[in-house]
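The values are calculated or read from the model by the stated rules, or taken from the named source; none is laboratory data. These figures come from a predicted structure and were not determined experimentally. Quick reminder, even Gly has a Cβ in these numbers, built from the backbone with ideal geometry, and neighbours come from all protein chains shown. Heavy atoms of the whole protein, side chains included, go into the accessibility calculation; ligands, DNA and RNA do not. Shrake-Rupley method; radii C 1.70, N 1.55, O 1.52, S 1.80 Å.
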Amino acid sequence: MESINHLKGYGKVNLETLENPKPQKPISSALAIFAVICLTLVITLAIAALIHESITESSDESQPQSVSNSAESTIKTVCNVTRYPDSCFTSISALNRSPNPDPEAIFKLSLEISAAELSRLLALFKTVNSDPATQDCVSQLEEAISRVNDSASAMRVDPGEKALTEDKVKDIQTWISSAVTDQETCLDGLEEMGSTAVEAVKSEMNKSKVYSSNSLAIVANFKGILDKFNIPLH
């Protein structure tokens with residue numbers, strides 16, 4: 001009987017335990033809150049990264065534009081003293097690689113452009129050198145190229161030195177003026193000889209005359225150009 005009662009004891013329900021259950025730790029709620037915090041942090045960092053990237057890209061894009069505007073403004077200021085400012089600006093801008101060119105650098109580019117176009121024209125004349133009417137033009141164009149090259153050579157100086165002094169400006173102005181005259185002399189000679197090539201030569205020579213005129217105008221007004229940039233002429 002005692003053993004039966006002992007076994008029955010195992011079947012009894014502890015009413016105290018049922019009425020007052022032990023509180024459970026809110027593990028699930030804590031994990032959920034932690035997950036939300038982590039997710040929020042990840043989203044915040046991602047947004048911050050995107051904002052930083054956007055600002056960096058905007059800064060990178062605006063910098064070249066600012067530099068480009070600086071070069072454009074300087075070239076326009078120099079070219080505005082010429083008879084052909086649009087041609088001057090277009091040709092020099094196409095050759096310029098400096099973000100901040102100074103007036104001397106721009107003038108050097110104008111000389112390079114003049115020399116290149118005169119060389120092209122000379123090569124063209126040499127292909128038709130059998131025409132007696134163009135033979136004088138060959139020597140005159142060679143002389144013009146020599147004058148422009150002399151001008152460019154006069155501007156070659158040691159690093160840090162200014163290429164243009166007052167005396168050099170006068171010399172270069174004389175040489176480029178001679179180069180312009182050489183081209184006019186070529187055309188005058190063709191007209192005097194009644195050459196049928198006059199109009200064709202005028203058309204071909206148009207660019208070289210314009211470019212030489214631009215170079216001449218720049219050097220003739222160089223002191224005034226420098227004054228606009230508060231640069232002294234030595």
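Dividing the Cα radius of gyration of region 137-234 by its Kirkwood radius returns 1.09 for Rg/Rh. Rolling a 1.4 Å probe over the heavy atoms of the protein chains gives region 151-234 an accessible area of 54 Å² per residue.
Just to verify a number: FRET efficiency for Leu95 and Asp167, C-beta to C-beta distance, R0 = 22 Å, to 0.05? Intermediate values should be presented prior to the final figure.
Numbers: r = 27 Å, r/R0 = 1.24.
The value I calculate is 0.20.
Computed with a 1.4 Å probe on the full set of protein chains, the accessible area for Arg120 sits at about 100 Å².
Among the listed pairs Lys126/Lys209; Lys126/Lys168; Lys76/Lys207; Lys202/Lys228, those with a Cα-Cα distance over 30 Å are Lys126/Lys168; Lys202/Lys228.
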